[in-house]
Amino acid sequence: MESVSIACAFLDGLRLDFPSQFDLFILPYLWDDDKNHQICFVDKQNWMHARKRDEFGSMIASADLILPRDSGIAENVLAHGEKALRCWTVPFIYQVLLDVLNESMVEENTVGLENMKEQIRAYKPHKVLTLLLSSLEKRNGSVFLLGGNPITLIKAEKNIRATYPGITIVGSMHGLYRPEEEPAIIEAMQKGAPQMILAGSPLPAEECWIPRHMNVTRSGIFFYHKPIMKWISGR
């Protein structure tokens, strides 16, 4: 497997992506390219907001993967937008491995332009995250947790270690930190070099914290969902 193609559609100058389960699972391999990548989730309200081209809209437009959280916005974009494919080159060291994975998940890797609408579904953030964490664990990957309140964050760390023992948590910080603490957080991210930065509310600037700080790591997947820390912590 030399490349991966992900179905998408464009409308109003914005894009929605429609990856298969296989596509999502292999992202930690596909994006092992010394670059930062952001995953965003949108619903109808987010989509309307993003059309304003403010800071939030610019973030959505530049995200590497934009997933619909409800089928309504997905169906609208597919009905009125321009369908296309986006391609990523698979790093050479993973090509044989991903060929094997592709064969084992062949039924999940059938989303294409001709049958996209029939397979439309909302991409639930916690299910996408489960795929990413499972993939990271196979690579003995690492994560940095950011956001939530102190107690929620402690519980989230504990649950990740228990559920994904192969993943290393290289750092964490709750989202109620003081402004003067931010340089230490940035330094911790730089030193830890996490393969995934998992963020949730509360967090200064919330999701826009990510594009403001994406340059602090050499390579990593930035994943934000407002209640994700509560979900991971079991609340």
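The values are calculated or read from the model by the stated rules, or taken from the named source; none is laboratory data. Keep in mind it's a predicted model, so treat the numbers as computed, not measured. For neighbour counting, all protein chains shown are included, and Cβ atoms are generated from backbone atoms with ideal geometry for every residue, glycine included.
Tabulated values for the structure
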quantity	calculated
Residue match in region 93-100 (condition: over 24 Å from Ser134 (Cβ atoms) and of a type outside the set (Ser, Thr, Tyr))	no
Options Asp17, Asp54, Asp64; residue that is at pLDDT 90 or above and touching a Leu at 6+ places or on another chain (Cβ under 7 Å)	Asp17
Where a residue in region 34-60 is over 23 Å from Ile228 (Cβ atoms) and its partner, wherever it lies, is not in a loop (DSSP other than H, G, I, E, B), with Cβ under 7 Å and at least six apart	Arg51/Leu14; Arg51/Gly57
Residues that are aliphatic (A, V, I, L, M) and over 25 Å from Lys124 (Cα atoms), drawn from region 179-224	Ala184, Ile185, Ile186, Ala188, Met189, Ala193, Val216
Per-region count, region 195-207, residues over 14 Å from the mean Cα position of the chain (by Cα) and not in a helix (DSSP H, G or I)	5
Residues within region 95-128 that are among the hydroxyl-bearing types (Ser, Thr, Tyr) and modelled with pLDDT under 90, tallied	2
Tally, over region 137-158, of residues that are among the acidic types (Asp, Glu) and under 16 Å from Gly192 (Cβ atoms)	1
Some residue of region 142-150 being crowded, with 17+ Cβ neighbours inside 10 Å, over 15 Å from the mean Cα position of the chain (by Cα) and either in contact (Cβ under 8 Å) with a residue 24 or more places away in the chain or in a strand (DSSP E or B) (or both)	yes
Options Leu176, Leu132: the member that is outside the structural domain of Ser62 (by TED's automatic domain parsing) and under 17 Å from the mean Cα position of the chain (by Cα)	Leu132
Residues within region 153-177 that are in a helix (DSSP H, G or I) and surrounded by fewer than 22 Cβ atoms within 10 Å (Cβ to Cβ), tallied	9
Failed condition for Lys83, given (1) part of a strand (DSSP E or B); (2) under 23 Å from Cys208 (Cα atoms)	(2)
Flag if Ile210 is in a strand (DSSP E or B) and in contact (Cβ under 8 Å) with a residue 40 or more places away in the chain	no
Filtered residue count, region 73-82, keeping only those that are small (Gly, Ala, Ser) and either in contact with a helix residue (DSSP H, G or I) (Cβ under 6 Å, 6 or more places away or on another chain) or touching a residue at least 40 places away in the same chain (Cβ under 8 Å) (or both)	2
